[in-house]
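This report refers to the structure that appears directly beneath it.
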Amino acid sequence: MAIVELERQGGVAVLRMNNPPVNALGHALRVDLEKHLNEALADPAVKAIVLTGTGRFFSAGADISEFSLGVREPHLQPMIGRIEGSDKPMVAAINGTALGGGLELSLGCHYRVVGKDVRQLGLPEITLGILPGAGGTQRLPRLVGVEQALQMITTGAFIDAVKAAKIGLVDKVADGDVVAEAVAFARGQIGNPPRRVGAIVIDKASIPAGLFDKARASVGRHPSGPVAPNAAIDAVEAATLPVAEGSALERKAFVETNSSPYARALQYKFFAERQAANLPGIGPNVRLRDIKTVGILGAGTMGTGISLAFLNAGFPVTVVETAQEALDKGVARIKETLEANAKRGRITEAQANDRFAKLTPSLKMEDLAQADLIIEAVFENLALKKEIFAKLDKIAKPGGIIATNTSTLDVNAIAAETKRPQDVLGLHFFSPANIMRLLEIVRAEKTAPDVMATAMAIAKKIGKVGVQAGVCDGFVGNRMLHAYTSEVYAMLLEGAMPREIDGAMEAWGMAMGPLAVGDLAGLDVSYRIRQERKLTGEAAQFARIPDKIVEMGRHGQKTGAGFYRYDADRKRQVDPEIEALIRAEAEGLQIKQRHVPAEEIVERCLLRLANEGAKILEEGIALRASDCDTMYLNGYGFPGWRGGPMWQVDNVIGMKAAAEKIKAYEAKYGARWRIAPLIERLSKEGGTFAALDKSRRAG
Ligand code: CAA
Ligand code: NAI
């Protein structure tokens, strides 16, 4: 089948794009579209033209993989100009998702008819570090107003058919066959002057005063970094100019933003997240297990968050606790969160009620007998988890999946308590589990391939990014985190104060500095782990400051103090008492403190993360370097526009320079900086993590 087909329905030509999986506007599609468009425009028998897509997609926009290679002609922007310039009525029949260049194609048409169930209409380019490059910044404001367009373009948010009709983005919502209704609509326009969106003149008086200044002032910590958001605001502001002028400005800004490292990083993130779902040796033909109902054991911090994640995705959830009081507390927390979401307008009240109605609280583990997936989230204690898994083995239905949310324990040992280790795996959620996007899927020695594939599919269903990890202490994410925090503690002793470390990392782009994160998560959690491990040597030395802080009763935000003091609205304040404690500890260890520059703080944090990532990769615990990055981007507040620690080594620091720096740190600080053999090898071969990932894919 051709990528674009031309079908004649009387005097109306229907151009249908068919480029699976998402109708991306790649080179071949553009060539075909231009050919058929020319044919329809030139044919006097064609009186009107309808443009549509196939299946779930009108078009997901430009083919993102072309951006790093250079987009070849024919370009979309002039094609859209020709569509708009046509004297024959042009109607977009938006049968499904229309994003980026896809939506821009429809904006070039004189009218838009949309299917009533379409949910994804938007200009998400900002999430790729660019701005709409085919007229979107010029036509959307003309159609829906500058304020609304600015909001859509700077957030990349999607809207549905109903909202699109409300704001004037579409002319008609089709109840039935969208193409048939668009053809009828087009027939009705034959002979009328075309309504060209680009010809609409925006009344400057309609733009709220200070709108653009306010927008510029708020882009400080935009998830797309410092370049694209400002360029997008400038381009929308230019929509008050004649369309040709504004479009030229948009084009220039598109090229500039797309050549920034931030665009490369964000586009890498897009593909890395999707790549993570590919499990080697598990093809698309593996039959997934049917997951209709979910059971959660434990209604503490994680159990309630995980319950919410599944309730929000429409799953019925049974949550089991040991005591009525703990159960009531957990259920109340779930209810409060749903109500708060309704109050904030994120969901309707009816949705909140429906979701809560799907929750069954219980004190009996036997009530999990019907669950297709059981997730254990009780205290972090191996003996307890083993006991629970032995019991679950007797209770769970045959073929049911049993998961543990452990963050440190041996999933193989837990699975061995059952007679069905093939059905057991780790599902490591991050706190708050209903919000954080990362789901680390821990594949134990005996976990069956269909269980892995099912877990990956479930991750997607509940809106998470699933990434496979093997069994080791800390799996992938927390093992890398451990290296990072150990360096942070070392730097405290050397003389970097918490405000300097967090300040440096936050100025670089991290959502939160590492010590502020510790205060948020609770310092007592890692304290307990350290106590159990009975640290010695350097590790014991590094633990002294955080241990003392916990022993002072400062467990972080929840106790009003940790590395910082917190006021009533949880705003952090530098605490001279902690700075004095850090100095005293260093003195006790006879460490002469010095000023540690911000660049050094960032470099040491990044290199420790990447060096540990490389070790994990070499051990086969992580499948790909891009998986390590995907974890950091989705679970640890690493900014998307910085690509992740592995991407930084490949693209910013350089493999060779990274190896040299790590070796220099090793010479200075010793074993904790031992270079990952993989980095050493790649630096000698002139290799990169990306090339390694690619060769493994090919192999
Ligand atoms: N370009 C290239 N490949 C794309 C793509 C695109 N725009 N959109 C999706 N794909 C690929 C994915 O990489 C994935 O490939 P694999 O199966 O090989 O991993 C496949 O299509 C399916 O994608 P998803 O798994 O994401 O499918 P989904 O159904 O969950 O989501 C979607 C569909 C909402 C469209 C989502 O894919 C998405 O958000 N895509 C990107 C949309 C976008 O950002 N468009 C703007 C592009 S930039 C632009 O258009 C600039 C311009 O002005 C011209
Ligand atoms: P928590 O202490 O808040 O909750 C644990 C709950 O389990 C308690 O309510 C307790 O009453 C209940 N429980 C204990 N034994 C039980 C049993 N036999 N049956 C049913 N319920 C039982 O602990 P939290 O923080 O929710 O942690 C749970 C698990 O999740 C741990 O394994 C932890 O390591 C892991 N985890 C925690 C994260 C966090 O940030 N808190 C992040 C990721 C994983």
| Coordinate range along principal axes, alpha carbons of the chain, Å, largest first | 87, 59, 54
| From the C-alpha gyration tensor of region 221-370, square roots of 5λ in Å | 45, 23, 14
| request: Please compute the net charge surrounding V294, taking Lys and Arg as +1 and Asp and Glu as -1 over other residues with Cβ under 14 Å from its Cβ. | output: +3
| task | For K329 and A313, compute 0.36 nm times the residue count separating them, minus their Cα-Cα distance, and round to one decimal in nm. | result | 3.5 nm
| note | Here D for region 221-283, in µm²/s, from Stokes-Einstein with a Kirkwood Rh over Cα pairs at 20 °C and 1.002 mPa s, works out to 156 µm²/s
| said: What are the ³J(HN,Hα) couplings of region 129-139, residue after residue, when phi is run through the Karplus curve with 6.51, -1.76, 1.60 and θ = phi - 60°? Round to Hz, x for glycine and proline. | reply: x, 10, 10, x, x, 10, x, x, 6, 9, 7
| note | Projected convex hull area of region 266-333, Cα atoms, direction-averaged, in nm², equals 7.0 nm²
| note | Tilt, helix 228-237 to longest principal axis of the chain (alpha-carbon atoms), in degrees rounded to tens, equals 30 degrees
| query | Given the alpha-carbon gyration tensor of region 507-558, what are the semi-axes of its equivalent ellipsoid in whole angstrom, ordered largest first, with each equal to the square root of 5 times an eigenvalue? | reply | 21, 14, 9
| request: Please identify every one of the chymotrypsin sites (Phe, Trp or Tyr not before Pro) in region 356-392 that sits in a loop by DSSP and has no more than 16 other beta carbons within 10 Å of its own beta carbon. | output: F379
| query | Using only Cα atoms, what Kirkwood radius does region 29-94 have, in angstroms? | reply | 13.2 Å
| task | Provide Rg over Rh for region 460-533; use the alpha carbon set for both Rg and the Kirkwood Rh (inverse mean inverse pair distance). | result | 1.03
| said: Using the Kirkwood formula on the Cα atoms of region 111-202, what hydrodynamic radius do you get, in angstrom to one decimal? | reply: 14.1 Å
| For region 248-263, in order, what is each residue's ³J(HN,Hα) by Karplus, 6.51 cos²θ - 1.76 cosθ + 1.60 with θ = phi - 60°, in whole Hz (x at glycine and Pro)? | 5, 5, 4, 4, 5, 5, 4, 5, 5, 5, 5, 8, 7, x, 5, 5
| note | Relative to the chain, whose Cα atoms define the longest principal axis, helix 576-588 and its Cα axis are tilted in degrees, nearest 10, by 50 degrees
| What trypsin sites (Lys or Arg not before Pro) in region 38-137 are in a loop by DSSP, with at most 11 other Cβ atoms within 10 Å of the Cβ? | R72
| field | Estimated FRET transfer efficiency when R0 is 51 angstrom, pair E538-E73 (beta carbons, to 0.05) | value | 0.30
| said: For region 322-379, compute the orientation-averaged projected area of the C-alpha convex hull (one quarter of its surface), in nm². | reply: 4.8 nm²
| remark: For region 294-469, inverting the pair-averaged 1/r of distinct alpha-carbon atoms gives a Kirkwood value in Å of 16.0 Å
| message | Principal axis extents for region 440-586, Cα atoms only, whole Å, descending order, please. | response | 55, 37, 28
| For region 294-469, with every protein chain kept in place, what is the accessible area per residue (1.4 Å probe, Å²)? | 42 Å²
| message | At R0 = 56 Å, how high is the FRET efficiency between K252 and N412 if r is their beta carbon distance? Nearest 0.05 is fine. | response | 0.50
| task | Find, among the trypsin sites (Lys or Arg not before Pro) in region 618-698, those assigned to loop by DSSP (not H, G, I, E, B) with at most 15 other beta-carbon atoms within 10 angstrom. | result | R674
| query | For region 294-469, what's the relative contact order in percent, using C-alpha pairs closer than 8 Å and at least 6 residues apart? | reply | 21 percent
| Using 7 Å Cα-to-Cβ label points, what is the S65/K343 separation (nm, one decimal)? | 4.8 nm
| CD proxy at 222 nm, helix term only [per DSSP H run n ≥ 4: -39500 (n - 2.57); per residue of the chain; nearest 500] | -15000 deg cm²/dmol
| the chain: relative contact order in percent, alpha carbon pairs under 8 Å with at least 6 residues between | 9 percent
| request: State the three equivalent ellipsoid semi-axes of region 590-696, derived from the C-alpha gyration tensor as the square roots of 5 times its eigenvalues, in descending order and whole Å. | output: 23, 17, 12
| query | How many percent of all Cα-Cα pairs in region 521-665 sit more than 18 Å apart? | reply | 69 percent
| query | Just for the Cα atoms in region 4-265, what are the lengths along the principal axes, largest first, rounded to whole Å? | reply | 54, 42, 33
| Flagged links, alpha-carbon separation over 28 Å, of K397/K464; K335/K460; K35/K460; K460/K571; K364/K419; K329/K358 | K35/K460; K460/K571
| note | Within the chain, the percent of DSSP beta bridges that are antiparallel, given to the nearest 5, stands at 25 percent
| remark: Extension length gain for R594 and K292 (0.36 nm per residue less Cα distance), in nm, is 102.9 nm
| query | Residue separation times 0.36 nm, minus the C-alpha to C-alpha distance between R696 and F379: what's the value? | reply | 110.3 nm
| request: Could you do me a favour and compute the accessible area per residue for region 4-265, 1.4 Å probe, result in Å²? | output: 40 Å²
| query | On a 0 to 90 degree scale, rounded to 10, what angle separates helix 498-508 from the longest Cα axis of the chain? | reply | 20 degrees
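The values are calculated or read from the model by the stated rules, or taken from the named source; none is laboratory data. Computed from a predicted model, the values in this text were never measured in an experiment. Because the Cβ atoms are built from the backbone with ideal geometry, glycine has one as well, and the counts that use them run over all protein chains shown. Each accessible area value is taken on the protein alone, full model and side chains, heavy atoms only, with ligands, DNA and RNA left out. Shrake-Rupley method; radii C 1.70, N 1.55, O 1.52, S 1.80 Å.
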